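Structure first, commentary second.
The values are calculated or read from the model by the stated rules, or taken from the named source; none is laboratory data. Since this is a predicted model, take the numbers as computed values, not measurements. FYI the Cβ positions are ideal-geometry reconstructions off the backbone, even for glycines, and counts take in every protein chain you see.
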């Protein structure tokens, strides 16, 4: 469903709060169909992003380490590499 969300488990160094929030934001955009918030959608949208990010943080902390790194880097890391 969300092909643009990359795997965060197994990254070295670990996924940052910003990377987790970006993945949560992409997920909420996809399932809600809201690409740009309006005054009538902003509160619900941002609350959902916080909840999904919190659940993702908790999940990543509880899962065992991966045996292999994820196949792709999150977009924020790709941008940082291309800027150097």
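Things to note:
- Meets criteria (within 23 Å of residue 12 (Cα to Cα), at pLDDT 95 or above and part of a helix (DSSP H, G or I)) for residue 81: no
- For residue 24, the stated conditions do not hold, so it cannot be described as under 12 Å from the mean Cα position of the chain (by Cα) and exposed (fewer than 12 other Cβ atoms within 10 Å of the Cβ).
- Selection count, the range 52-73, where residues are surrounded by 12 or more Cβ atoms within 10 Å (Cβ to Cβ) and modelled with pLDDT of 95 or more: 8
- Meets criteria (at positive phi and either outside any helix (DSSP H, G or I) or free of Cβ contacts under 8 Å to residues at least 24 places away in the same chain (or both)) for residue 10: yes
- Qualifying residue in the range 55-75 (condition: on the phi < 0 side of the Ramachandran plot, part of a helix (DSSP H, G or I) and in contact (Cβ under 8 Å) with a residue 60 or more places away in the chain): yes
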